[in-house]
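First comes the structure, then the notes that go with it.
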Amino acid sequence: MLIKQAPDIRSSEITPKNVYLRRREFIQASAAALVAAGMGTFADHVAAQGGGLPKLPNVKKSPLSTTEAPSLYDHVTSYNNFYEFAPGAGDGPKQNSKGFKARPWKIKIDGEVAKPGDYDVDDLIKQNALEERVYRFRCVEAWSFVIPWIGIPMADIINKVQPTGKAQFVEFTTAMDTGKFPMQRTDLLEWPYIEGLRLDEAKHPLTLLAVGLYGEILPAQNGAPIRMVIPWKYGFKGAKSLARIRFVEKQPLNTWQKMARNEYGFYANVNPMVDHPRWSQARERRLPSFVANRKTEMFNGYADQVQGLYAGLDLRKNF
Amino acid sequence: MKPVTVAKILVFAAACLPAAALAYKFYRYFYGGDFNALTANPGDYITDFTGDWTLAFISISLSITPLRRLTGWNQAIKFRRMLGLFAFFYVTLHLLTWIVFVHYFEVSFMIEDVFKRPFITVGMAAFVILFSLAITSNRFSIRRLGRRWQTLHRLVYVAAILGVIHFWWLVKADITLPRRWAVAVALLLGFRIWWTLRPRFLAQRRARVTRV
């Protein structure tokens, strides 16, 4: 008697050839679905963004903002680098800045300017038009956020203080105060933290002197009360908790260049073609994504606005 | 059950704890609405977590011999293979995070990474060593390889050193954590050098004493 036996592998269990040939895409899609499952539930939280800090009044929306959805407030304020408070990216800056007093706060603007002076941060906020700028934020360590900053266009400040003909660069210095910044007692970095821009970069409409995020004043860990935001450059160019803005003739030597000149340059423009010696810059993790599957854009997607600044400059050498 | 079997089960359970803690964090993240459970950068967090526990289990495996020599508790050897295999378990998870979270299955990126970036090169070399030790950790291989088995498994010293270098070259400015592992590995390997040379020292001292 012949008993009909099912074949070992049913035809229904055989992976269709076209799926098999695209197996890598399939694995990628599965991983992406896993990430998406996690992200979907974020939607409820995005509605109520903020940390209960004082709101900034009279903020104008800006056409320079991206339409991409902002990152979670909790993530932006609990995952960042601020070496004055803690080494490395994480929630160290948030944990170690709990008693930080950002007010009263004075910032000195001097050097090659017609009208130098010391400014109270709250006066600057009152006397200048505040704008909300939703910018992409790309860290040199290949992760990114979308952050709704609030700030004063740097060009407005520059117009007020009137740089002299000698001013070619602008140097930004973070406050030096071991009582406020615990890591300044160690030799983790050379203190105070210094950053710099060319004067034309500082004057660019995208360059922002930020005083808040998500409608509120800046929390300590994000650089309270006043910091730089230059969205087409890596995050470390945005010096935090500024004590001084100085207009100078010579190119400042920024802190990370001083620490490791083969890894960090003066320009630090976001550039997928120029890798960091220890990792690729071609792609990034748009947090909270688990995976680095997002292609990094030239000048962080602001190429149309800023590439004119670098005409004729070798960006591989001037990284 | 023999006491050794019970102890083995307990050690096994303890060694699973870090992975279980991580799994619980995944659960809280995806089903508990706790979006900080894995930090804002889950990919990096999981990579660091599994890398750290790899170094921990390499160090724990390497402390079995010093423990036996110093306490005379030779039963400890019975746990060594399991602990070593846990080092391999965590390094495999660590490698997977690199494949999935860092390179997203892009083979060309991985190849470039291995050949271009020294910290990845040494990390991969350490993985290859741990892999060869894991697949030759069975009784069959021990019998088959004979004396060569021990020589091969001494490569774990190299893997430990490469692991520390891998971590050291990765950090940007703060070397606190890699330095901790460097000290641990230096002590564990230093003990072995001291133990090997000790008879010679003692003999020399004895010779000196007799001469006087």
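Some points to look at:
- Links that overshoot a 28 Å alpha carbon limit, given the list B:LYS25/B:LYS116; A:LYS61/A:LYS233; A:LYS160/A:LYS237; A:LYS240/B:LYS25; A:LYS101/B:LYS25: B:LYS25/B:LYS116; A:LYS240/B:LYS25; A:LYS101/B:LYS25
- One equal scatterer on each Cα of the range B:153-201, no solvent, Debye formula: the resulting log10 I(q)/I(0) at q = 0.31 Å⁻¹ is -1.10.
- For A:ARG283, the amide hydrogen comes within under 5 Å of the amide hydrogens of A:THR296, counting only partners 5 or more places away or on other chains and with H modelled in the peptide plane.
- Order by protection proxy (mean Cβ within 10 Å, highest first), peptides B:33-46, A:119-132: B:33-46, A:119-132
- Using the Cβ-Cβ distance between B:ILE161 and B:ALA76 with R0 set to 25 Å, the FRET efficiency from 1/(1 + (r/R0)^6) comes to roughly 0.65.
- Once the C-beta distance of B:LEU10 and A:ASP122 is scaled by a Förster radius of 56 Å, the resulting FRET efficiency is 0.40 to the nearest 0.05.
- For the range A:62-310, the alpha carbon positions stretch 48, 43, 36 Å along the principal axes, listed from largest to smallest.
- Likely footprinting exposure, A:MET273, A:MET298, A:MET183, fewest C-beta neighbours within 10 Å first: A:MET273, A:MET298, A:MET183
- Using the Cβ-Cβ distance between B:LEU197 and B:VAL171 with R0 = 51 Å, the FRET efficiency computed as 1/(1 + (r/R0)^6) comes to roughly 0.95.
- Take each residue of peptide A:270-282, count the partner chain Cβ atoms within 10 Å of its Cβ, and average: the result is 3.
- Computed over every Cα-Cα pair of chain B and binned at 10 Å starting from 0, the pair-distance distribution P(r) comes out as 7, 27, 33, 21, 9, 3, 1, 0 percent.
- Shielding by partners - mean other protein chain Cβ count within 10 Å, residues of A:76-82: 2
- Under-5 Å amide H pairs with A:ASP177, H placed in peptide plane, nonlocal only: none
- Fully extended contour minus Cα-Cα distance, from A:ARG316 to A:ASN159, at 0.36 nm per residue: 53.3 nm
- For the range A:172-195 versus the range A:241-306, the gap between their alpha-carbon centres in whole angstrom: 21 Å
- Euclidean distance of C-alpha centroids, the range B:64-111 and the range A:200-238, integer Å: 43 Å
- Cα Rg over Rh - the range A:95-197, Kirkwood: 0.98
- Charge context of A:ILE150, other residues only, Cβ under 13 angstrom, K/R +1, D/E -1: +2
- Mean shadow area of the protein assembly as shown, taken as a quarter of the surface of its Cα convex hull (nm²): 38.8 nm²
- Alpha-carbon centroid distance for the pair the range A:125-158 / the range B:1-49, whole angstrom: 39 Å
- Using alpha-carbon coordinates, inclination of helix B:176-211 to the longest axis of chain B, degrees: 0 degrees
- Other protein chain Cβ atoms within 10 Å, averaged over every residue that makes up B:165-175: 4
Computed from the coordinates by the stated procedures, all read-outs in this text should not be read as laboratory data. What you see is a predicted model; the values in this text were computed from it and never measured. Neighbour counts are summed over all protein chains in view; Cβ atoms, including those assigned to glycine, are modelled from backbone coordinates with ideal geometry.
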